[in-house]
Amino acid sequence: MTIPGINYFLDTIRHLRSHEEIVIYDRYSPVLSEKEEAVADFLKQEYANESLEYPGEAPAFEANSAVWAARTVYIASQLLLYREKTVSGMRECLPGFAGEQTPGTILSVDLCLRFLPAVIEKAKEISPEDELIGVLEEHLKAWHFSGVGYRLDAGALGWDIVFSDACVKQLYIDRIVMRKARTLAVLPLLRPEVMAVLGDWTDHFWKELPLNI
Amino acid sequence: MATNLSNDISWLLEIDESGVDFLGPIRHWQHLSMAAAGGMIWVRGLRSDDLGNSVLRGIPHARVLYLRGDHLYPENGLVPTKKMPPGLNWRPLSKGLPLGFPSFNHNYFGIGERLAVRLVASTVEASAVAVLLPVETLRSYAIAASAVRLRHLRWVVLGREALVIGTPMLPLPGRSFWQLGEHLLPAGYTFEFPILAETIGRRLCRQAGDRVFWSEDGSCLVLAHADVVPLSPGSIRMTVAILPAGNTTL
């Protein structure tokens with residue numbers, strides 16, 4: 001039962017963005033489309049704040065994709081506890097993003113989707129054979145900027161869109177270095193970029209990254 | 001009956017007037033007296049058992065003589081070397097050697113004195129930890145730079161220039177500074193009295209984490225820890241947006 005005046009979706013996402021945690025209850029509260037507008041406004045503001053820290057020119061905010069990511073994380077974390085749906089129902093609850101992937105959508109989605117690896121880890125703790133894990137990993141594979149550091153099959157990832165924008169590319173490389181995602185750093189495509197960022201200071205910033213692989 | 005001259009001898013100590021201070025160790029021998037004439041000082045009243053005393057023998061540049069009649073003979077000599085001048089004014093050693101204060105007081109600390117802090121050129125090698133460069137140079141690099149290179153740095157705006165503190169330093173040209181305690185000193189300079197660095201820092205800094213930024217001319221600026229913020233593209237963008245154009249004052 002959802003009380004009309006209260007926007008659980010917005011409150012949850014706001015709490016997630018400010019405290020990096022989600023409080024879940026043993027009750028499924030679906031996302032109502034009329035509540036999404038407030039979330040889009042909130043995420044737009046968050047994106048504006050965050051893009052101050054982005055290197056170079058940040059691409060424009062994409063509201064649809066940001067809300068899709070917020071909805072995905074919101075529902076996925078509820079499904080950790082609430083299980084009255086079958087596997088097929090679970091997939092319906094967590095559809096892929098319908099639109100096209102662009103540099104702007106990658107960063108907009110990341111506002112919330114960066115918390116998805118944590119949700120997956122939690123799901124794995126509860127049950128390693130959970131169907132939910134597979135569903136979420138598929139999303140993470142498509143939006144692998146949010147999943148840097150999470151163990152994904154690096155061969156199956158696409159880089160064209162990431163490399164098409166200097167800002168996204170820089171953020172991607174930074175994230176590889178900060179999270180010390182070695183499986184990504186040793187890819188022939190990314191390795192020169194990582195080394196360019198580290199410069200002469202490989203020993204200082206990332207001592208474990210060997211020089212000759 | 002004639003006097004047996006061999007019994008009538010008395011021992012003397014002779015020393016140049018310039019060496020009068022060497023007589024200090026025997027000043028308290030009460031049976032001695034001294035007289036001066038012609039740039040020489042004689043001490044008389046020595047007993048024969050005093051002659052073997054190591055304190056007496058330890059007096060440098062002193063010669064032991066004996067007086068027979070009016071003539072002075074070297075200690076082991078038979079031929080007189082000079083005559084004793086007549087009419088000498090014999091005084092006790094304690095009178096002849098007055099006490100005085102030494103010219104340098106080792107217990108003087110000069111608490112009331114003040115000292116100007118100066119920087120001097122130094123040849124001691126030290127690695128730089130901070131760089132002062134124009135804000136515009138920093139902005140054009142940092143807003144496009146990798147966060148990896150920025151997140152360990154802190155910065156503060158000083159007039160038209162930006163001071164970036166931290167290592168590894170950015171690959172940008174500027175005047176570099178090295179660190180001595182809480183002091184940021186221009187490269188190639190150090191305090192005239194480096195031992196005072198800690199005291200100066202304690203007097204200038206209000207709380208832990210404050211830094212003192214020094215110029216070559218010896219002027220300094222205390223940088224509060226809260227004013228030196230982490231360097232990031234966002235910090236640069238927001239700072240540059242509020243910087244007044246043509247700001248030149250420190």
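The values are calculated or read from the model by the stated rules, or taken from the named source; none is laboratory data. Everything quoted here is computed from the prediction, not taken from an experiment. For neighbour counting, all protein chains shown are included, and Cβ atoms are generated from backbone atoms with ideal geometry for every residue, glycine included.
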Q) Yes or no: B:Asp50 surrounded by 10 or more Cβ atoms within 10 Å (Cβ to Cβ), acidic (Asp, Glu), assigned by TED's automatic domain parsing to the domain that holds B:Gly24 and under 18 Å from B:Pro25 (Cα atoms)? A) yes
Q. Looking only at residues in the stretch A:169-213 that are within 21 Å of the chain's Cα centre (by Cα), of a type in the set (D, E, K, R) and not in a loop (DSSP other than H, G, I, E, B), which one is nearest to the other protein chains (Cβ to nearest Cβ)?
A. A:Asp174
(Q) Please pick out the residue among A:Ser18, A:Ser108 that is in contact (Cβ under 8 Å) with a residue 60 or more places away in the chain and polar (S, T, N, Q). (A) A:Ser108
Q.
Between B:Ser146, B:Ser140, which is without any contact (Cβ under 8 Å) to a residue 24 or more places away in the chain and buried (at least 17 other Cβ atoms within 10 Å of the Cβ)?
A. B:Ser146
(Q) Considering only the stretch B:189-204, I want to know if a residue exists there that is small (Gly, Ala, Ser), farther than 30 Å from A:Leu52 by Cβ and not in a helix (DSSP H, G or I). (A) no
Q. Hey, among A:Leu80, A:Leu152, A:Leu136, which residue is outside any loop (DSSP other than H, G, I, E, B) and either in contact with a Ser or Thr (Cβ under 9 Å, 6 or more places away or on another chain) or β-branched (Val, Ile, Thr) (or both)?
A. A:Leu136
Q) Any residue at all in the stretch A:35-51 that is loosely packed, with under 15 Cβ neighbours inside 10 Å and either within 14 Å of chain B (Cβ to nearest Cβ) or under 20 Å from A:Glu121 (Cβ atoms) (or both)? A) yes
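Anything in the stretch A:146-180 that is of a type in the set (D, E, K, R), buried (at least 16 other Cβ atoms within 10 Å of the Cβ) and touching a Lys or Arg at 6+ places or on another chain (Cβ under 8 Å)? List them, or say none. Explain how you work it out, then say what you get.
Residues of the stretch A:146-180 of a type in the set (D, E, K, R): A:151, A:153, A:160, A:165, A:169, A:174-175, A:179-180.
With buried (at least 16 other Cβ atoms within 10 Å of the Cβ) added as a condition, the list becomes A:165, A:169, A:174-175.
Those that are of a type in the set (D, E, K, R), buried (at least 16 other Cβ atoms within 10 Å of the Cβ) and touching a Lys or Arg at 6+ places or on another chain (Cβ under 8 Å): none in the stretch A:146-180.
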Q) Which is closer than 21 Å to A:Gln170 by Cα and in the same structural domain as B:Ala126 (by TED's automatic domain parsing), of B:Leu158, B:Leu150, B:Leu223, B:Leu184? A) B:Leu150
Q) Restricting attention to the stretch B:158-185, which residues are of a type outside the set (Asp, Glu), outside any loop (DSSP other than H, G, I, E, B) and surrounded by fewer than 20 Cβ atoms within 10 Å (Cβ to Cβ)? A) B:Leu158, B:Arg175, B:Ser176, B:Gln179, B:Leu180
Q.
Can you pull out every residue in the stretch B:191-250 that is more than 14 Å from chain A (Cβ to nearest Cβ) and polar (S, T, N, Q)?
A. B:Thr199, B:Gln207, B:Ser215, B:Ser219, B:Asn247, B:Thr248, B:Thr249
Q. Hey, any hits in the stretch A:33-53 for a residue that's touching a residue at least 40 places away in the same chain (Cβ under 8 Å) and in a loop (DSSP other than H, G, I, E, B)?
A. no
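Restricting the stretch B:80-121 to residues that are assigned to a strand (DSSP E or B) and in contact (Cβ under 8 Å) with a residue 12 or more places away in the chain, which is farthest from the chain's Cα centre (by Cα)?
B:Lys83
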